[in-house]
Structures are given as structure tokens and as C-alpha cells.
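Notes for the one structure printed next.
Read the figures in this text as sums done on the coordinates, not as results from a lab. Please read all numbers here as calculations on a predicted model, not as lab measurements. Cβ placement follows ideal geometry from the backbone for every residue including glycine, while neighbour counts extend to all protein chains displayed.
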Amino acid sequence: MKSFFPPPPAAEDAPLPYLGPPAFVQWLKVNRRAHQRPGLASVVVSLKPIGGTPGDATTAQMVGLADLVDRYGFGELRVSPEQNLILPHIRNGDLLALWEGLSDLGLATANHNLATDIVACPGLDYCNLANARAIPLAQALSLAIESAGLSDVAGTLRIKLSGCINACGHHHIADLGILGVDKRGEEFYQITLGGRAGEEAAVGEISGPSLSADAVPPAVVRVLRAYLALRKPGEPFAHALQRLSHDPFKEALYDRAAA
Ligand code: SF4
């Protein structure tokens, strides 16, 4: 495997540029990942603009990005299973210039692994196997979460959508998974909570009756609000679910307090 991924050339051990425009500092905080080599950073280019189609990029954006990668990233770019792009080797001293270039291309959304970094399969818009649309719901969710001011404050929280049980959107291993189902010829969505990838992998648990497309964004916003109200400082969503059980989040999902 190592022969496919030769290490990048050594870089000068420059410090991280924590000063700059506030939007740059926020992007650095959210989209930069540590690198094993001093002086380098790994950067996630989010393809999840608020209200956009998850994972989409235009030809002009990809051509512009290729130029940036040649200039600042040793010509290396990878595609992530989260429908984002990764620039694995960026010199610390080039991060500001890279961010400026990404901003010009509309590719500097600072939401890697946040609630608006939503993964969605093509769903009924493009896939013959689908029960329900996924892309328009992902767009509506992204807008609802952002306008509720919850994307940043909720921290790392993975939301994933699949248009059918084939699960190409990996909804079953998301903190909050959404599965398109067919209910007497109509598009509905089943919500799962508590899915996890990685070493503590778990399949999410179905929360209850499926919801219509219109009902999903406000229901998800209520779950995020419940999480913010109930979590301990810094507690990830998955740990809050384990500590409190799924019950308070199901209550929020179905708005039982208001019923
Ligand atoms: S999960 Fe289903 S609808 Fe989505 S891409 Fe896969 S087969 Fe198609």
C-alpha cells in the first residue's frame, strides 16, 4: 500500500496561521486536520454548501481546484466517502492562500463533519431503485439547520440519507440516519438514531413511524435542540444517546411534548 502513497516532500516547519479573516480562522478550525509531518496540514474541501447538492462540483470548480492543488498541494487530491475532497498535504504557510483560492471558487464552506455536512445518495432524482428523493431533502435539511443556527454549535454530528434500503448513503451508520421508504405510493422517511462507523460501529435504531418530507427538517432541528439542551459540555451526540437513552430524542423528533 505504501508504494501507492509516497510521503510528501519535507516542508519547512512553519506555524499554523491562526491570524487572518474570521472566516479563514473558522475554516481552519473546522476543515483542517493534523498531519503526521511537521509544517504540513491535511485539508477537507467541503462539497456541502448550505442548501447545495451534497457532493456536487462544477467543471470550473474542479479545474480551479486542480490548479490550487498543483500550486499548494503537491498535485494530490483524494475523494472521501463523505462526498468531500481531501487535500492531504498542504504547507502551513500556504493555508491562507489556499483558502483565498477556495473562497473564489465557492469551495470554502467551513462545515466538515458538522450537521450540515450531510451525505445523500442520488435517490429518486437519479436512481431507478429509489423509494424516495434524497437530494432535495438534504438541501432542505441543510437550510433548516443553518437558519436555526445549529450547525456549528452541535459540533461533530453526522446526518446521512439513503433513498432506499440499499443504503448507499450509509444512513444506517450515521448519528442521525434518514431512509426513504414507500408508503402506499408516497415518499416517506424513516429516522434512525445512534448509528456509528469506526471501531465502535453500530447500526442506528429506528425511532418510530416514518415522516413526510416536509416534516423531516423541523423534526431534525428539534432533535438537535434537545441534544444541545441535554448534553454535558463537549459530549458527542453518540455518547449523549448512550447516557440518556433514545427516549428524549424520540420525544423531540415526534414533538410529543407539544402533542
Ligand atoms: S440507496 Fe437506493 S436510492 Fe440511493 S443510490 Fe443506492 S440504490 Fe439508489
Where a label projected 7 Å from the Cα of Lys183 along Cα→Cβ would reach, residues of the range 135-152 with amide N under 16 Å = none
ask   = Charges only on Cβ, +1 for Lys and Arg, -1 for Asp and Glu: so what's the dipole of the chain about the Cα centre, in debye to the nearest 20?
value = 500
inquiry  = With +1 on the Cβ of every Lys and Arg and -1 on the Cβ of every Asp and Glu, and nothing else charged, how large is the dipole of the range 20-123 about its Cα centre, in debye rounded to the nearest 20?
reply    = 340
ask   = Mind checking which of Ala167, Ala60, Ala138 has the largest fluctuation in a GNM of the chain, springs on alpha carbons under 10 Å?
value = Ala60
task = Identify all aspartates and glutamates with a Cα-Cα distance to Lys250 below 20 Å; exclude those on the same chain that are fewer than 8 residues away in sequence.
result = Asp175, Glu205, Asp214, Glu235
request  = Considering the options Ala120, Leu141, Val221, tell which one lies farthest towards the positive end of the dipole of the range 119-253, charges being +1 on Lys and Arg and -1 on Asp and Glu at the Cβ, about the Cα centre.
outcome  = Val221
ask   = Spin-label point model (7 Å from Cα, Cβ direction): what's the Thr59 to Leu230 distance in nm?
value = 5.0
task = Multiply the residue gap between Glu199 and Ala167 by 0.36 nm, knock off their C-alpha separation, and tell me the result in nm, one decimal place.
result = 9.5 nm
inquiry  = To make sure I understand the rule: partners must be lysines, Cα under 21 Å from the Cα of Lys29, and not fewer than 8 residues away in the same chain. Which ones qualify?
reply    = Lys48
remark   = Only helices counted: for the chain, with every DSSP H run of 4 or more residues adding -39500 (n - 2.57) and the sum spread over all residues, [θ] at 222 nm is -9000 deg cm²/dmol
query = What residue among Ala226, Ala130, Ala14 shows peak mean-square fluctuation when the chain is described by a Gaussian network model with Cα springs under 10 Å?
reply = Ala14
task = Could you please state, rounded to a whole Å, how far the C-alpha centre of the range 128-179 is from the C-alpha centre of the range 29-54?
result = 20
query = Which of Leu129, Leu161, Leu114 moves most in a GNM of the chain, Cα contacts under 10 Å?
reply = Leu129
task = Might you list the cysteines of the chain that have no disulfide-compatible partner by the rule of another cysteine's Cβ under 4.7 Å?
result = Cys127, Cys164
task = Would you please give the residues with an amide H less than 5 Å from that of Lys183, counting only those at least 5 places away or on a separate chain, with H modeled from the backbone geometry?
result = Phe188
key: Where N is the number of residues in the range 2-104, Cα Rg divided by 2.2 N^0.38 Å   = 1.05
